Every structure is written in structure tokens, then in C-alpha cells.
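Just so it is clear, none of the values below were taken in a lab; they were calculated from the coordinates. Since this is a predicted model, take the numbers as computed values, not measurements. With ideal geometry, Cβ positions are generated from the backbone for all residues, glycine too; neighbour counts draw on all protein chains shown.
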Amino acid sequence: MADNRPMGELLQAPTEGYGEAIVISKINADHFEIKMNFLQLVQANPYHGFERENPHTHINNFKRITSTLKFRDVPNDVIKLMMFSYSLEGSARVWYDKEPPNYILTWEDLVKKIMNQLFPPSKTTHLKNEISRVTQRFEETFGEACEQFKEMLRACPHHGFTKLAQIDIFYNGLNDNDQDSLNAAAGGNLLSKTNREALQIIKNKSKVHYSRNKPNVSRINTNSKESASKTDDRIDKLADQISTLVDIYC
């Protein structure tokens, strides 16, 4: 059957197919409204998709912010799905905008798709290799080495290393002096202790060394760690602000 529409109309770009990738369930609650202040707080902590960024960290921070919102008859997952796209910028936002309409149905589905796209298996393999090869570097204190190792584990929460493997990797990456110190604290050999006992010995030694003055020269990327700490502090402050800026319904 012939299409009798004017050529100008036929040549226009189609308008269908521009729906949101995330499907939001119908909300039946009365007086439900996301305040602009909350939207601004979400946008103030964006994820860009930079190599140095970690989607795990962003998702955890986002969940901490949205967990402060409580509306009667509105599941928190619905709020997270409504707000998450506002937390994306740069290449992360480009990825989201390219997803087909009605493609993401649940919060778990969203997290899975983000990780598949922004935390591919190759990155996991790289980070696991970095963890397994960790080595205490020149003039790095025991406390710094311990914090650095924990930071590496946090950067790849699905690393799969058991507690035993973590202790073994960390111990073998230490310099001779710190290995000897751990063995002395264990009464001769750290390997003679259980996992729980070994972890407590490491924790105690870390507390002692971390409280002392640190050397001026250190290989640790302090800017990265300080930045992460400041980010956590900022998120906590933002979460506190939400309680006063957003109406909470019991």
C-alpha cells in the first residue's frame, strides 16, 4: 500500500526508540516526590567511567546516599533505579544512553550490566594479578604496605582469594625485617598460627607501626588514598544533609 505522506515528513528522523533503558515500576504512593536537593546531591558525585574510577565504589556510595530516602510504599530499589542515570557522566553516560529502551528491569540487573560493561573480565584479571604480585617497596612502612594491600582488595571485591591466600600473599610480599617481626610476634613462625590468629597479629603490628612517624619517602600513591578518604567523608556528610533536605515519610 502506498505511503501518501509528504516527502518532508517521510525524511524526518524517527521519534520512536528513544525511551529510557531503565524500567521504573508504577508508584502508587501518595505525595511521592524526589526533591531537587537530593537530585543535586546525586549529581555532585558522578561516575565518569575513567580508568582510575571503580564502579564498585560508585555503586556503594550511591547506595549509601539513596538509603537515607524512605517513602511509604516505595521500595528503595525503585528510588535507586529512578536516580541512577543522574549519577553518570562522560563515557559512562554514553554507555547508558546507548542501551535499548526497557532493557534494565531491576536494580540487580542494572548492577550486573554496569559491571559487565565497565568492569570487564580483563580488568578483573589485571587486578588479581596485581594482588598476587604485591611487594612491599622501598621505605614503605609495614602499616602503609598493609593499607595498600587492603586497598587493592577493595578495588576488586570479587577477587576470590581466601583469607589464607591473602595472608600468604601479603606475608611473602613483605621485606625480610617485617617478615621476621611477624614471626617473632607469632612466637617463631606466623605459619604456625590459624588464619584468625595470624590476622590479629598483622592487625596489631599495623596499629603499632601506623601510629609512628612515617618516613618522608614512600612509594604509596597517597594522593589516591587521601582522595578516596575525602570522598568517603564527603559521602557521609551528603548523607547527613539528605536527612534534613528531604521529607521522610514513615
Of all residues in the range 66-99, how many are surrounded by fewer than 18 Cβ atoms within 10 Å (Cβ to Cβ), among the basic types (Lys, Arg) and under 18 Å from ASN37 (Cα atoms)? 1
Got a number for residues in the range 158-193 being touching a helix residue (DSSP H, G or I) at 6+ places or on another chain (Cβ under 6 Å) and surrounded by fewer than 13 Cβ atoms within 10 Å (Cβ to Cβ)? 3
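For the range 123-149, how many residues are in a helix (DSSP H, G or I), without any contact (Cβ under 8 Å) to a residue 60 or more places away in the chain and not charged (D, E, K, R)?
Initially, the range 123-149 is screened for residues in a helix (DSSP H, G or I), giving 123-132, 142-149.
From the residues that got through so far, the ones that are without any contact (Cβ under 8 Å) to a residue 60 or more places away in the chain too are 123-132, 145, 149.
Now narrow it down to the ones that are not charged (D, E, K, R): 124-127, 129, 131-132, 145, 149.
Adding up the residues that qualify gives 9.
Restricting the search to the range 40-59, which residues are of a type outside the set (D, E, K, R) and exposed (fewer than 15 other Cβ atoms within 10 Å of the Cβ)? Step through it out loud before you land on a result.
To start, the set of residues in the range 40-59 that are of a type outside the set (D, E, K, R) comprises 40-50, 54-59.
Selection gives GLN40, GLN43, ALA44, HIS48, PHE50.
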Any idea how many residues of the range 98-122 are in contact (Cβ under 8 Å) with a residue 24 or more places away in the chain and part of a helix (DSSP H, G or I)? 6
Among the residues of the range 27-39, write down those that are surrounded by 12 or more Cβ atoms within 10 Å (Cβ to Cβ), more than 20 Å from the chain's Cα centre (by Cα) and aliphatic (A, V, I, L, M). ILE27, ALA29, ILE34
Close pairs from the range 178-203: first touching a residue at least 24 places away in the same chain (Cβ under 8 Å), partner in a helix (DSSP H, G or I) and buried (at least 16 other Cβ atoms within 10 Å of the Cβ), Cβ under 6 Å, at least 6 apart: ASP178/PHE142; ALA198/ILE167; ALA198/LEU190
